[in-house]
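What follows is one structure encoded as structure tokens, with my remarks underneath.
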Amino acid sequence: MPHTNDPALHRKGLLITAIGGLALSFDIPLIRAAHGEFWSMVVVRNVAVFGMALVLWAGLNFVLRRRTVLVPGRVGLLIALFYGINGMTFMLAVFNTTTANVVFILAFTSMFAAILSWIFLGERPSNATLLTMAAMGGGVLLIVHDGLSSGNVFGDAMAACSAFLLAASLTLSRKSGAEMGFVPLVATLLPGVLAVFLLPPGGLIVAEPFYILLNGLVVLPLAFWCLATGPRYLSAPEVGMFYLVETVLAPVWVWIAFSETPTTQTLIGGAILILALLGHSLWQMRSKSRAARASGVAVEFPLTH
């Protein structure tokens, strides 16, 4: 495993992870650009991602000459179920609230993960993490309160469900220690197949299928691969900061393309979330750097998914 104290490897990690965060920021804009009926979009997006996952899996097996497990054991199936349900709640959020609300509430995933790790893994969060969670909770409450007044409460609730399901998936993955790289991609089959039975009588209705296919075949696989590869070269807090790229840029792309302007209250709540996460990540990076210098050894960070 590469060492994080190598400047060249660190720059490589920064570039790879930045590409992943940038690619992920186009997910929601591409969904909106396709102008499709809800169930049709769920089918096309998820089946495209699943198809690309199989292509990548077959390619890796051929190149590496070893069997790569798609879903490892029963815990893998449970995690796939969580990811699959998350795929549905995410799309419901995108279709029922603003882009800013979706990405800002999803930013709470890391704090949900900290709570679940505390409960089920016995990993008590630091006082700084608890303080960050309190600040982020205040930001989410502002956004949800705004959703209540604007009639977006269902979409906001679905975004919160997505954040919780993602956190549960990450916590289970961490506890199992198994290779879960393909699980999020394979899990897209569940919402894709379920949506087939709920299509309108006319079948698939997508005005601009190019955009949703571009999303499922290229953008999402690229984003997932880059963000999963980043921890080989960067610390977990550094990688976490690149997830904020979507939080910041997705509302900007949607504002430019579709004139969807977030409300002042949503922007304030989102700013609280971003600043809290950014401050926490910078604090973690500084703490780990001090610990590494004090011990006189390089710190390595395992690949996480």
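Placing a pseudo-label 7 Å from each Cα along the Cα-to-Cβ vector at residue 207 and residue 148 gives an inter-label distance of 3.4 nm. Ligands, DNA and RNA excluded, the heavy atoms of residue 82 present near 50 Å² of accessible surface to a 1.4 Å solvent probe. Between the residues 16, 101, 153, the greatest Cα displacement towards the positive end of the dipole of the chain, with unit charges on the Cβ of Lys, Arg, Asp and Glu, is found for 16.
Here's how it looks for residue 36: its modeled amide H is under 5 Å from those of 207, which are all 5 or more places away or on a different chain. Can you tell me the FRET efficiency between residue 293 and residue 127 if r is taken as the Cβ-Cβ distance and R0 is 25 Å, rounded to the nearest 0.05? The calculated FRET efficiency here is 0.65. In summary, the helical segments of the chain meeting the span-like criteria, namely a full DSSP H run, a Cα extent along the axis of 30 angstrom or more and a mean Kyte-Doolittle hydropathy of at least -0.5, are 38-64, 73-96, 127-150, 153-176, 236-258, 264-295. About its Cα centre, the dipole of the chain is roughly 1060 debye, where the only charges are +1 on Lys and Arg Cβ and -1 on Asp and Glu Cβ.
Residues 161, 226, sorted by accessible area with the largest first, give 161, 226 [1.4 Å probe; ligands and nucleic acids excluded]. Between residue 62 and residue 217, residue separation times 0.36 nm minus the direct Cα-Cα distance comes to 53.8 nm. Once the C-beta distance of residue 268 and residue 115 is scaled by a Förster radius of 25 Å, the resulting FRET efficiency is 0.55 to the nearest 0.05.
Positive-end ranking of 30, 114, 60 along the dipole of the chain, with charges on Cβ about the Cα centre, is headed by 60.
Projecting label points 7 angstrom from Cα along Cα→Cβ for residue 8 and residue 259 puts them 5.2 nm apart. When both segment 246-295 and segment 97-168 are represented by their alpha-carbon centers, they are found 13 Å apart. Here segment 44-183 is treated with +1 on each Lys and Arg Cβ and -1 on each Asp and Glu Cβ, and its dipole about the Cα centre works out to around 640 debye. Of all segments of the chain bounded by trypsin sites (Lys or Arg not before Pro) found in a DSSP loop with no more than 10 other C-beta atoms within 10 Å, the longest spans 68-305.
The values are calculated or read from the model by the stated rules, or taken from the named source; none is laboratory data. Just so you know, these numbers come straight off a predicted model, no measurement behind them. Glycine also receives a Cβ, built like all others from the backbone with ideal geometry; neighbour counts cover every protein chain displayed. To get the accessible areas, we keep the full protein, side chains included, count just its heavy atoms, and leave off ligands, DNA and RNA. Shrake-Rupley method; radii C 1.70, N 1.55, O 1.52, S 1.80 Å.
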